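Please read the structure below before turning to the comments.
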Amino acid sequence: MSTLKRLCEAVEGIFKLLQELARYLVSEKKNQADTPEKLLGMEEVMARLNISRSTYFRYVREGELRPRKTGKRHYFYESDLEEALRNSKRKGRL
């Protein structure tokens with residue numbers, strides 16, 4: 001009977017830890033949602049990726065970069081550039 005009791009206590013402990021983890025993750029998600037991402041312009045993107053203007057437009061044309069357009073202006077969130085940053089590092093530009 002003591003083995004069963006120890007098993008139940010272990011399961012209760014695991015359950016409490018999972019509840020705390022869930023509360024922590026929810027609070028982290030709320031904190032991230034409270035701080036809006038910064039919009040980057042075309043010039044900032046070119047500087048971050050260390051690419052030329054023609055390379056920038058080639059990436060947009062080929063779909064490697066997908067800008068959010070406002071009129072004729074291109075904007076990006078930092079999260080939009082994650083894949084392009086990985087490629088730039090891989091190719092030795094950064």
* To do: Sort all Cα-Cα distances of region 1-82 into consecutive 5 angstrom bins from zero, then give the percent of pairs in each bin up to the one containing the longest distance.
  => 3, 12, 15, 13, 8, 7, 7, 7, 6, 6, 5, 5, 4, 2, 1
* Net +/- balance of residues flanking Phe57 in space, Cβ distance below 14 Å, scoring K and R +1, D and E -1 -> +4
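How would you order 48-61, 12-25, 69-82 from highest to lowest mean count of nearby Cβ atoms within 10 Å?
Numbers: 48-61: 14.5, 12-25: 10.0, 69-82: 12.4.
Answer by packing, highest mean first, reads 48-61, 69-82, 12-25.
Based on DSSP H runs of at least 4 residues, each adding -39500 (n - 2.57), what is the mean residue ellipticity at 222 nm of the chain after dividing by all its residues, to the nearest 500 deg cm²/dmol?
Result for the chain: -21000 deg cm²/dmol, rounded to the nearest 500.
Read-outs throughout are calculated quantities, based only on the coordinates presented, and are distinct from any laboratory measurement. Computed from a prediction, not measured in an experiment: that's the story for all the values here. Cβ coordinates were reconstructed from backbone atoms using ideal geometry, including for glycine residues, and neighbour counts include every protein chain displayed.
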